[in-house]
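The values are calculated or read from the model by the stated rules, or taken from the named source; none is laboratory data. None of the values given here were measured: they were computed from a predicted structure. All accessible areas refer to the heavy atoms of the entire protein, side chains included, with ligands and DNA or RNA removed. Shrake-Rupley method; radii C 1.70, N 1.55, O 1.52, S 1.80 Å.
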Amino acid sequence: MTADHRDPVSPARSALDTDVCLAVIEYGDAASAYAPAMSTPGLPQSVVDDYAIVVDVLALARRVPLPDVPPLLAVGTRALLRVHHALLGR
């Protein structure tokens, strides 16, 4: 009898796992739309810091287990909302 050297088959993703992965993609797309504004002269440091949180959350969301992603995205979304409001002058 020979050993089985095939790659293990990963389990199928659930619908929730797929939704979380798609949310990370959408979050990245939304965050990237704000990147050009981060080089605006005179932009308050707090806005730049909030955007750094957004980018860090995106990096973490791609590396942590899927159950940990939604709370991360919640933090990142609040930071992105602060960036959005600051750019609008609110």
Counting pairs of alpha carbon atoms under 8 Å apart in space and at least six apart in sequence, what relative contact order in percent does the chain give?
32
Helix 15-33 sits off the longest principal axis of the Cα atoms of the chain, rounded to the nearest 10 on a 0 to 90 degree scale, by 30
Please compute the length gained on full extension between Asp56 and Ala33, using 0.36 nm multiplied by the number of residues separating them and subtracting their Cα-Cα distance.
6.7 nm
To test your reading of the geometry: what angle, between 0 and 90 degrees and rounded to tens, separates the Cα axis of helix 45-61 from the longest principal axis of the chain?
10
Please calculate how many Å² of accessible area the chain carries per residue, with a 1.4 Å probe and no DNA, RNA or ligand atoms counted.
72
Estimated [θ] at 222 nm from DSSP helical runs (n ≥ 4, -39500 (n - 2.57)) normalised by residues in the chain, nearest 500
-21000 deg cm²/dmol
Gain in span if fully extended, Leu87 to Ala74, counting 0.36 nm per residue against the direct Cα distance:
2.7 nm
Please give the solvent-accessible surface of Thr77 in Å², to the nearest 10, using a probe radius of 1.4 Å with every protein chain present.
80
